[in-house]
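One structure is given here, and the rest of the page talks about it.
None of the figures in this text is laboratory data; all of them are computed from the coordinates on show. The structure displayed is predicted, hence computed values, not measured ones. Using ideal geometry, Cβ is built from the backbone for each residue, glycine included, and neighbour counts are taken over all protein chains shown.
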Amino acid sequence: LVHLRDVFFAAGHDPAVWLDGWWPDAIVSQRAAMAATDTESWWTVAPSPLLDVQAGGDVFRPAETRGELVDEFGSE
């Protein structure tokens, strides 16, 4: 639970709620959709200015990588 909390939950929130209650069929559908979709077909189809708001403690987007989306898509 420590790692789950550190990665997905803000301080003071209980990660135990994620231990049950999941709908197993959802991941099957999500994986099938991902496999059937070519990212290149939509990633930059309609580029537009980007407001990139990210949490200071976001472990998926460390500080040194936080400008990557704005660099790719622009902010103006």
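Residues of segment 29-59 that are of a type in the set (A, V, I, L, M, F, W, C) and under 24 Å from HIS3 (Cα atoms): VAL53, ALA55, VAL59. The residues of segment 20-36 that are over 17 Å from the mean Cα position of the chain (by Cα) and surrounded by 10 or more Cβ atoms within 10 Å (Cβ to Cβ), listed by number, are VAL28, SER29, ALA32.
Taking residues in segment 62-76 that are closer than 10 Å to ASP52 by Cβ and in contact (Cβ under 8 Å) with a residue 12 or more places away in the chain, and partners anywhere that are among the charged types (D, E, K, R) and surrounded by 11 or more Cβ atoms within 10 Å (Cβ to Cβ), the pairs with Cβ atoms closer than 6 Å and at least 6 places apart or on different chains are LEU69/ASP52; VAL70/ASP52. Where residues in segment 1-19 are over 17 Å from the mean Cα position of the chain (by Cα) and of a type in the set (Val, Ile, Thr), which of them is surrounded by the fewest Cβ atoms within 10 Å (Cβ to Cβ)? Here the answer is VAL2.
Taking each residue of segment 3-28 that is among the charged types (D, E, K, R) and looking for partners that are in a helix (DSSP H, G or I) and surrounded by 10 or more Cβ atoms within 10 Å (Cβ to Cβ) with beta-carbon atoms closer than 7 Å, six or more apart or interchain, yields ARG5/PRO15.
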